[in-house]
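Worksheet for the structure shown next.
The values are calculated or read from the model by the stated rules, or taken from the named source; none is laboratory data. Since this is a predicted model, take the numbers as computed values, not measurements. With ideal geometry, Cβ positions are generated from the backbone for all residues, glycine too; neighbour counts draw on all protein chains shown.
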Amino acid sequence: MTPPIIESPLLAGAGVAHAFFTREGGVSTGVYATLNGGVGSRDERAHVLENRRRMARALGVADDALLVPFQIHSADAIAVDAKWDVDHRPRCDGIVTATRGLALGVTGADCGVTLYCDPEAQVIGAAHSGWKGALNGVLEATIEAMERLGARRERIACALGPTIAQTSYEVGPEFRRAFLDVDAGNDRFFAPSPKPGHAMFDLPGFIAMRLTRAGVGRFENLGLDTYADETRFYSYRRTTHRAEPDYGRLVAAVALP
């Protein structure tokens, strides 16, 4: 079975194979139903690997050529040119390549997942950016890693996939203070919350600002809220609010045609 995918019109226009996979079209069960792509979850490993095989085939690469790093909410981005064993994957949150036959993926379940392409240089990238990675520079690090392979940031097309929306993301005062300590102007990404002392954080807006300020040529936000759309998306925050034991991970991936 080929799982359903969401595509970015911007990346499709750049001629790059890519997919923002939903939670549909896999073999996992329970809280992981059905296309859980997270080997770090407590789902049955065989189910996750089958789900990833389905994703790889949807992208037109070999079953073992979908590369997803061990994500650590860092600002680290690396270049890759060969497949790796899933049990020895690098620890980072951005990956780039100019090698055909590889699909670069990142997982998310509320965090921002961004895919990149410089169609002229034939360089692609993927980044996982929760609030910490976005604040500390993983988006910019991914762009810089692409440039080291010959890309130019003004030619890069970048799309943000399913991410928790501001209306679903309530945060406390310490969270807000971390952003204001970096730049008082970040206050524009916080809206009033019904809960005293709290605020609603606009992670997609913050990511868009960082990418635009970094100079990417074109940016697209698909505007999909992971928390609100339970049918299509996993959500760490929704799972937490329900006191569920674990959660599935969505995968976003890109490959050179």
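See the values below:
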item: Residue that is nearest to I207 (Cα to Cα), among those in region 121-131 that are small (G, A, S) and surrounded by fewer than 24 Cβ atoms within 10 Å (Cβ to Cβ); result: G130
item: Region 146-193: number of residues that are assigned to a strand (DSSP E or B), in contact with a Gly (Cβ under 8 Å, 6 or more places away or on another chain) and among the β-branched types (V, I, T); result: 1
item: Unmet criterion (only one of (1) touching a helix residue (DSSP H, G or I) at 6+ places or on another chain (Cβ under 7 Å); (2) surrounded by 22 or more Cβ atoms within 10 Å (Cβ to Cβ)) for V138; result: (1)
item: The listed residue being within 21 Å of the chain's Cα centre (by Cα), of a type in the set (D, E, K, R), surrounded by 21 or more Cβ atoms within 10 Å (Cβ to Cβ) and on the phi < 0 side of the Ramachandran plot, out of D202, D118; result: D118
item: Selection count where residues are free of Cβ contacts under 8 Å to residues at least 24 places away in the same chain, assigned to a loop (DSSP other than H, G, I, E, B) and not charged (D, E, K, R), scope region 3-31; result: 2
item: Residues located in region 40-84, provided they are β-branched (V, I, T) and in contact with a strand residue (DSSP E or B) (Cβ under 9 Å, 6 or more places away or on another chain); result: V61, V68, I72, I78, V80
item: Single match in A103, A121, A82, A109 (criterion: more than 24 Å from G217 (Cα to Cα) and touching a helix residue (DSSP H, G or I) at 6+ places or on another chain (Cβ under 8 Å)); result: A109
item: Checklist (1) touching a residue at least 12 places away in the same chain (Cβ under 8 Å); (2) within 26 Å of Y227 (Cβ to Cβ); (3) not in a strand (DSSP E or B) applied to T99, failing item; result: (2)
item: Exclusive hit being of a type in the set (S, T, Y) and free of Cβ contacts under 8 Å to residues at least 24 places away in the same chain, set T212, T167, T163; result: T212
item: Filter result for A109 (surrounded by fewer than 21 Cβ atoms within 10 Å (Cβ to Cβ) and in contact (Cβ under 8 Å) with a residue 40 or more places away in the chain); result: no
item: Flag if D202 is in contact (Cβ under 8 Å) with a residue 12 or more places away in the chain, acidic (D, E) and within 21 Å of G38 (Cβ to Cβ); result: no
item: Hits in region 210-237 - residues which are buried (at least 17 other Cβ atoms within 10 Å of the Cβ) and assigned to a helix (DSSP H, G or I); result: R210, L211, A214, Y236
item: S193 vs. criteria touching a residue at least 12 places away in the same chain (Cβ under 8 Å), surrounded by 18 or more Cβ atoms within 10 Å (Cβ to Cβ) and polar (S, T, N, Q); result: no
item: Residue match in region 1-20 (condition: of a type in the set (A, V, I, L, M), modelled with pLDDT under 95 and surrounded by fewer than 16 Cβ atoms within 10 Å (Cβ to Cβ)); result: yes
item: Selection from region 32-50 of residues that are assigned to a helix (DSSP H, G or I) and free of Cβ contacts under 8 Å to residues at least 60 places away in the same chain; result: R45, A46, H47, V48, L49, E50
item: Condition met for D181 (in contact (Cβ under 8 Å) with a residue 40 or more places away in the chain and of a type in the set (D, E)); result: no
item: Any hit, region 111-121, residues being over 21 Å from V39 (Cβ atoms) and part of a helix (DSSP H, G or I); result: no
